[in-house]
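The values are calculated or read from the model by the stated rules, or taken from the named source; none is laboratory data. Keep in mind that what you see is a predicted model, and the values were worked out from it rather than measured. All Cβ positions, even for glycine, are placed from backbone atoms using ideal geometry, and neighbour counts span all protein chains on display. Quick note on the areas: whole protein, heavy atoms, side chains included, nothing else; ligands and nucleic acids left out. Shrake-Rupley method; radii C 1.70, N 1.55, O 1.52, S 1.80 Å.
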Amino acid sequence: MKKKEAHFSAVLGRNRVVIERVKPEIDDGLYPIKRAPEEKVVVEVDLLHEGHDEIRGRLLYKKAGAKQWSFAPLKPLGNDRWQGEFFVGGPGQYFYTIQGWVDAFLTWRRDLQKRVAANQVAKIDLRIGADLVGQAAQHAGAKKGGDLKRWAVLLADHDVEPEEKLELAFSKKLAEAMDKLGEKQFVTSYEKQLEVRVERERANFSAWYEFFPRSCSQAPGKHGTFKDCEAHLAYVAEMGFDIVYLPPIHPIGNKFRKGKNNSLQAEPDDVGCPWAIGSNEGGHDAIHPQLGTLMDFKRFLRSAKQRGIEVALDLAFQCSPDHPYVKEHPEWFKKRPDGTIQYAENPPKKYQDIYPFNFETEAWESLWQELRRVVFYWIKQGVTVFRVDNPHTKPFRFWEWLLAEVRKAHPEIIFLSEAFTRPKIMYRLAKIGFTQSYTYFSWRNTREELTTYLEELTRTEVVNYFRPNFWPNTPDILTEPFQRHGRPMFVSRFILAATLSANYGIYGPAYELGENLPREPHSEEYLDSEKYQIRHWNLKRSDSLKPLISRVNWIRKENSAFHSNRSLQFHFIDNPQLIAYSKRAEKTNNTMVTIVNLDPHHTQGGWVELPLESWGISHDAHFQVKDWLTDKIYYWRGIRNFVQLNPETLSAHIFQILR
């Protein structure tokens with residue numbers, strides 16, 4: 001106790017500034033915030049001290065490995081709240097922290113102004129300033145402090161007129177010199193160095209397209225191959241997607257294989273569910289023989305790369321009863337009292353074709369190392385993106401370890417968390433290292449639901465670590481609005497996903513072809529789901545949404561406002577069936593306003609109000625807006641303008657505000 005008191009007295013006793021409520025700071029600094037390359041980091045903090053002296057603060061930041069800190073000033077927001085900002089550079093790890101101190105010079109200058117106003121300036125007041133400037137000159141040294149030394153003499157000289165001294169005291173040149181060269185005494189430093197993790201551009205802005213390789217054959221009923229997938233890439237590239245996600249490409253188990261429509265009895269020609277991984281042909285590091293060889297897969301990766309597309313592999317850490325692990329490592333699975341292995345269950349659902357790993361096994365270390373080996377094996381083959389199946393059913397500590405191991409060797413790898421679970425679980429997975437996350441977007445339909453959810457994702461601390469990836473549909477999710485409302489619903493939900501979130505994806509070709517039949521009433525499962533059978537899709541159908549999807553992906557790429565979620569702002573519109581929101585890129589002055597008709601059956605109109613003055617436009621100005629969906633130009637005036645949208649033609653506008 002005595003040692004602690006002595007340390008406090010010697011080091012902190014004269015440090016008067018207290019630093020509180022630093023934001024952003026995730027879980028007391030335990031986890032990093034996330035940013036895109038060249039993105040701004042805005043930091044706020046409370047700086048407190050007793051009394052009435054002037055205080056100063058600064059934001060310190062640097063990239064990992066840099067020897068010197070860079071500095072940005074903290075500016076007062078009022079009520080003891082301060083704000084500073086800095087820009088990160090390219091991908092990597094950055095740090096930031098805070099310093100605060102009492103500034104005797106600023107305090108002197110402020111009080112001198114008050115004395116001048118009250119006609120109470122005394123010689124001693126100027127002498128105090130001369131001493132402060134002289135101390136700063138001494139601290140700066142002979143080379144840098146020459147001007148300060150001369151000014152200190154001037155302030156103390158009895159022969160110099162008071163007016164000349166006051167002019168110097170309040171001059172900009174003296175203030176800047178004291179700020180740059182003056183000694184900062186009794187500086188309080190924040191006890192933490194907070195981390196920023198900057199990941200590559202595609203981690204922050206991407207368009208995903210999911211398809212089943214086995215359904216890519218041109219011949220109906222024939223099992224597709226990676227060579228067929230290569231041909232399919234041209235179709236995907238034409239639509240403007242930059243990540244292709246493949247369900248598991250591994251051998252599929254035979255025991256308890258599911259039949260069409262998840263039937264418990266499989267017919268001899270049933271292909272099974274790709275998530276039932278493993279057979280006598282191999283496990284998680286093997287390729288389904290009907291898809292091709294490892295060389296075929298690597299050629300597929302190269303072909304995708306040539307088109308600017310990355311391939312996301314499904315990472316499903318579970319096994320079929322036929323997986324080699326079951327025989328080679330039975331200790332990795334949970335046994336029931338009768339000696340059989342526990343299959344996956346989510347009562348009343350039973351998944352007899354899938355064995356989950358037992359992460360509480362005494363052999364957990366060997367299990368962890370093997371799963372690490374699997375991930376690094378596929379990275380070695382050229383995979384740069386993983387979509388992780390049900391990560392919320394595996395321990396947080398495992399993922400935190402595994403993701404850190406990958407990040408150390410391959411920081412470019414992207415991990416998408418497929419965790420449709422409780423919000424705090426989803427957020428925890430994002431904190432510990434998942435790059436992107438599935439969301440509840442699929443089930444947010446009304447304007448109020450969408451607005452409330454997006455404000456949670458973009459206006460709370462969640463925005464600093466949770467990167468949403470909006471999927472209107474997946475092979476497991478066919479929501480009721482699609483089943484009831486058809487094509488207009490597919491249009492509006494697609495535009496919402498692609499413009500509300502910088503990262504989004506669709507499961508196709510089911511999406512662009514409007515697949516909307518459920519397996520049974522009140523089910524979100526597709527009838528004749530690709531999860532259990534091969535499908536043949538007519539990609540040349542005249543009612544395909546391919547042209548619209550291609551157009552929107554092009555719009556997203558051309559307009560930098562859509563590359564981030566941070567600027568998302570909802571705007572008043574006097575019809576609850578319409579939703580209006582904007583995104584804005586300050587650097588490029590690119591302002592985009594999206595308006596969507598949420599009613600799939602009726603034309604809806606309304607007056608939208610826009611915050612023109614915050615965009616640098618007079619509140620009553622005449623200006624133009626360009627609809628990028630139709631290339632039409634509209635002439636608007638002032639903050640309120642009328643829009644009308646017919647879902648039978650096109651249920652949205654994507655406007656650019658023109659200057």
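One residue is enough: does the stretch 415-428 have a residue meeting the conditions within 26 Å of TRP554 (Cβ to Cβ), in contact with a strand residue (DSSP E or B) (Cβ under 8 Å, 6 or more places away or on another chain) and touching a residue at least 12 places away in the same chain (Cβ under 8 Å)? Give the derivation first.
As a first pass, look at the stretch 415-428 and keep what is within 26 Å of TRP554 (Cβ to Cβ): 416.
With in contact with a strand residue (DSSP E or B) (Cβ under 8 Å, 6 or more places away or on another chain) added as a condition, the list becomes 416.
Filter once more, keeping what is touching a residue at least 12 places away in the same chain (Cβ under 8 Å): 416.
Yes, the conditions are met somewhere in the stretch 415-428.
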(request) Within the stretch 393-414, identify whether any single residue is of a type outside the set (A, V, I, L, M) and closer than 30 Å to SER263 by Cβ, and answer yes or no. (result) yes
(request) Grab the strands (runs of 3 or more DSSP E) fully contained in the stretch 37-130, keeping just those with 1 or more residues being of a type in the set (Phe, Trp, Tyr) and open to solvent by 20 Å² or more (accessible area, probe 1.4 Å). (result) 55-63, 70-73, 81-87, 92-102
(message) Filter the stretch 630-652 down to the residues that are part of a loop (DSSP other than H, G, I, E, B) and open to solvent by 20 Å² or more (accessible area, probe 1.4 Å) and list them by number.
(response) THR630, ASP631, ILE639, GLU648, THR649
(message) With aromatic (Phe, Trp, Tyr), open to solvent by less than 30 Å² (accessible area, probe 1.4 Å) and part of a loop (DSSP other than H, G, I, E, B) as the only criterion, which of TYR532, TYR504, TYR581 stands out?
(response) TYR532
(request) Hey, can you tell me all the residues within the stretch 591-628 that are open to solvent by 10 Å² or more (accessible area, probe 1.4 Å), assigned to a strand (DSSP E or B) and not charged (D, E, K, R)? (result) GLN604, GLY605, TRP607, HIS622, PHE623, GLN624
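Only one residue in TRP399, TRP378, TRP368 is more than 18 Å from CYS319 (Cβ to Cβ), modelled with pLDDT of 95 or more and open to solvent by less than 60 Å² (accessible area, probe 1.4 Å), so which one is that? First the steps, then the outcome.
Details: TRP378 fails: more than 18 Å from CYS319 (Cβ to Cβ); TRP368 fails: more than 18 Å from CYS319 (Cβ to Cβ).
After ruling out the rest, the residue left standing is TRP399.
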(message) Just the residues that are charged (D, E, K, R), within 27 Å of GLU586 (Cβ to Cβ) and more than 21 Å from the chain's Cα centre (by Cα), please, taken from the stretch 39-55.
(response) ASP46
(request) May I ask you to list the residues in the stretch 334-365 that are open to solvent by less than 50 Å² (accessible area, probe 1.4 Å), farther than 22 Å from ASN262 by Cα and either among the small types (Gly, Ala, Ser) or more than 35 Å from the chain's Cα centre (by Cα) (or both)? (result) GLY339, ALA363
(request) Filter the stretch 412-423 for residues that are under 16 Å from the mean Cα position of the chain (by Cα) and more than 21 Å from PRO91 (Cα to Cα) and give the result. (result) GLU418, ALA419, PRO423
(message) When you check GLU238 against the structure, is it in contact (Cβ under 8 Å) with a residue 40 or more places away in the chain and either open to solvent by 30 Å² or more (accessible area, probe 1.4 Å) or closer than 21 Å to PHE300 by Cα (or both), yes or no?
(response) yes
(message) Of all residues being in contact with a Gly (Cβ under 7 Å, 6 or more places away or on another chain) and not polar (S, T, N, Q) in the stretch 254-270, which is most open to solvent (accessible area, probe 1.4 Å)? Just the residue, please.
(response) GLU267
(message) Of the conditions (1) under 43 Å from the mean Cα position of the chain (by Cα); (2) on the phi < 0 side of the Ramachandran plot, ALA140 satisfies every one except a single condition; which number is it?
(response) (1)
(request) Go through the stretch 436-473 and give me each residue that's open to solvent by less than 40 Å² (accessible area, probe 1.4 Å) and of a type in the set (S, T, N, Q). (result) GLN436, SER437, THR439, SER442, THR451, THR458, ASN464, ASN469, ASN473
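Would you check if there is a residue in the stretch 440-452 being aromatic (Phe, Trp, Tyr), under 21 Å from GLU210 (Cβ atoms), without any contact (Cβ under 8 Å) to a residue 40 or more places away in the chain and in a loop (DSSP other than H, G, I, E, B)? Reasoning before the result, please.
At the first step, the residues of the stretch 440-452 found to be aromatic (Phe, Trp, Tyr) are 440-441, 443.
From the residues that got through so far, the ones that are under 21 Å from GLU210 (Cβ atoms) too are 440-441, 443.
Okay, now just the ones that are also without any contact (Cβ under 8 Å) to a residue 40 or more places away in the chain, so 440, 443.
Going one step further and asking which of them are in a loop (DSSP other than H, G, I, E, B), we end up with 440.
Yes, because at least one residue in the stretch 440-452 is aromatic (Phe, Trp, Tyr), under 21 Å from GLU210 (Cβ atoms), without any contact (Cβ under 8 Å) to a residue 40 or more places away in the chain and in a loop (DSSP other than H, G, I, E, B).
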(message) Name the residue that is farthest from THR451 (Cα to Cα), counting only residues in the stretch 550-577 that are free of Cβ contacts under 8 Å to residues at least 40 places away in the same chain and of a type in the set (Ser, Thr, Tyr).
(response) SER560
(request) Determine, yes or no, whether LYS260 is over 27 Å from the mean Cα position of the chain (by Cα), within 25 Å of GLU370 (Cα to Cα) and not polar (S, T, N, Q). (result) no
(request) State the number of residues belonging to the stretch 475-501 that are open to solvent by less than 10 Å² (accessible area, probe 1.4 Å) and either in a loop (DSSP other than H, G, I, E, B) or among the polar types (S, T, N, Q) (or both). (result) 6
(request) May I ask you to verify whether GLY278 is modelled with pLDDT of 95 or more, farther than 22 Å from TYR526 by Cβ, out of contact with any Leu (no Cβ under 7 Å at 6 or more places or on another chain) and open to solvent by less than 40 Å² (accessible area, probe 1.4 Å)? (result) yes
(request) Kindly indicate whether any position in the stretch 316-327 is at pLDDT 95 or above and open to solvent by 80 Å² or more (accessible area, probe 1.4 Å). (result) yes
(message) Which of the numbered conditions does GLY433 fail, given that it passes all the others? Conditions: (1) without any contact (Cβ under 8 Å) to a residue 24 or more places away in the chain; (2) not in a helix (DSSP H, G or I); (3) not aromatic (Phe, Trp, Tyr).
(response) (1)
